[in-house]
Each structure stands twice: as C-alpha cells, then as structure tokens.
Ligand SMILES: [Zn+2]
C-alpha cells in the first residue's frame with residue numbers, strides 16, 4: 001500500500017513527532033512568533049515524547065501554558081490541512097495559540113457555581129512510565145464564551 005508520509009503542513013519532509021511539533025519550517029515560525037524559540041530549541045534535546053512532556057511541565061507557568069498552546073494550535077492546523085482545509089498562516093496559528101493560552105489562564109479564575117452538584121470521583125495515579133491527561137471544557141451560552149483546560153500528571157502526582 002502506498003502511503004504519503006510527508007508532512008501535510010510543509011509537504012517537504014516525512015512527518016514524525018519531532019518534525020510535526022518542533023522541526024517543521026512552519027511550526028518553527030509559530031514558536032518564534034510566540035517568542036518561544038528558546039523553548040523549542042531546548043525541546044529538540046529531548047530523547048522521547050515522555051521526556052519532552054516532562055521538560056514542558058518543568059517550565060514556569062506562563063511559558064508552560066504558551067508552549068502547550070503552541071503545540072495544540074500547530075496540531076490543530078496540521079489536522080485541518082490533513083482534512084483538506086487551506087493552511088492558515090503561521091501568524092494565524094500563533095494568534096490561535098495565544099487565544100488558547102488566555103482561555104486556559106481564565107479557567108482557574110472562573111468562580112465555582114453555588115448549586116454545583118459535587119460528585120465523588122477518585123482520581124487514580126497512572127502506572128509508572130505513563131502520563132495521565134485529564135481534560136474538561138465549558139461554554140457559557142449567554143456570554144458566548146467558554147474555556148477548556150487539561151492537566152498532565154505522572155505517578156508522582158498528589159492524588160485527591
Ligand atoms: Zn512540515
């Protein structure tokens with residue numbers, strides 16, 4: 001079976017995780033537009049995806065959110081191009097990342113609803129050498145706004 005393994009974004013090189021998120025000419029522009037080239041350079045040193053995630057989690061909150069938003073926006077652009085949509089500019093993807101970062105920042109500031117039903121859920125630690133991602137999102141129809149967020153934890157995470 002013939003499979004096109006070229007990067008759908010730049011169409012130049014074979015796509016793997018390193019190319020998709022760090023080495024593609026297009027994503028390099030996104031990282032630079034967000035002022036995160038120094039982070040991208042450091043992440044190139046990672047030996048595995050797991051190590052890259054740990055490096056990101058060790059960043060200060062602002063840089064961490066920006067980096068995660070950049071990765072998310074680049075992945076989103078890649079998937080849209082792969083689905084046949086026209087590629088948006090690197091600057092547009094960087095703007096999308098900035099919006100995602102702002103959304104993520106706002107989530108922690110949203111006050112809890114007084115009538116919210118508390119559910120008893122017990123979070124379980126992931127097995128060693130695995131990371132667990134929990135995510136959630138919400139939309140306030142009357143305000144036409146919403147947000148999303150996620151957290152990545154490993155075995156060392158504090159359970160609650
Ligand atoms: Zn590429």
Handout entry: Listed residues 104, 90, 46, most fluctuating in the chain (Gaussian network, C-alpha, under 10 Å)
Key = 46
Fill in the blank from the handout: Relative contact order as a percentage, the chain, C-alpha pairs under 8 Å and 6+ apart, gives 18
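To the nearest 0.05, how large is the calculated FRET efficiency for residue 144 and residue 45 if R₀ is 30 Å and r is the Cβ-Cβ distance?
Details: r = 42 Å, r/R0 = 1.40.
The value I calculate is 0.10.
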Exercise for the section: Between residue 128 and residue 25, take the C-beta separation as r, use R0 = 35 Å, and let me know the FRET efficiency to the nearest 0.05. Expected result: 0.40
Problem - Relative contact order (%) - criterion: Cα under 8 Å, at least six apart; region: segment 17-107 - result: 34
Practice task
Would you mind computing, in nm to one decimal, how far apart the modelled labels at residue 75 and residue 92 are, each placed 7 Å from Cα along Cα→Cβ?
Solution key: 2.1
Exercise for the section: Rounded to the nearest 10 degrees, what's the angle between the helix 90-107 long axis and the longest principal axis of the chain, both from Cα atoms, 0 to 90? Expected result: 10
Problem - Per-residue Cβ neighbour rank within 10 angstrom, fewest leading, 27, 81 - result: 81, 27
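How large is the helix-only mean residue ellipticity at 222 nm for the chain, computed as the sum of -39500 (n - 2.57) over DSSP H runs with n ≥ 4, divided by its residue count, in deg cm²/dmol to the nearest 500? Mind dumping the intermediate values first?
Values: 5 runs with 65 residues, N = 160.
Here the helix-only value at 222 nm equals -13000 deg cm²/dmol.
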Practice task
Specify the angular offset, from 0 to 90 degrees and rounded to the nearest 10, of the alpha carbon long axis of helix 61-82 from the longest principal axis of the alpha carbons in the chain.
Solution key: 60
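If you take the Cα atoms of the chain, find Rg, then find the Kirkwood Rh from the mean of 1/r over all pairs, what is Rg/Rh? Walk me through the numbers before you get to the answer.
On the way: Rg = 17.7 Å, Rh = 17.6 Å.
For the chain, the value is 1.00.
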Practice task
Could you check how many percent of all C-alpha pairs in segment 17-107 are farther apart than 18 Å?
Solution key: 40
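Counting other beta carbons within 10 Å of each residue's own, what order do 76, 15 fall into, fewest first? Provide the component values of the computation, followed by the final result.
Details: 76 15, 15 20.
The order, fewest Cβ neighbours first, is 76, 15.
Rule-based calculations on the coordinates, nothing more; no lab input. Everything numeric here is computed off the predicted structure, so don't read it as measured data. Here Cβ is always computed from backbone atoms with ideal geometry, including for glycine, and neighbour counts include all displayed protein chains.
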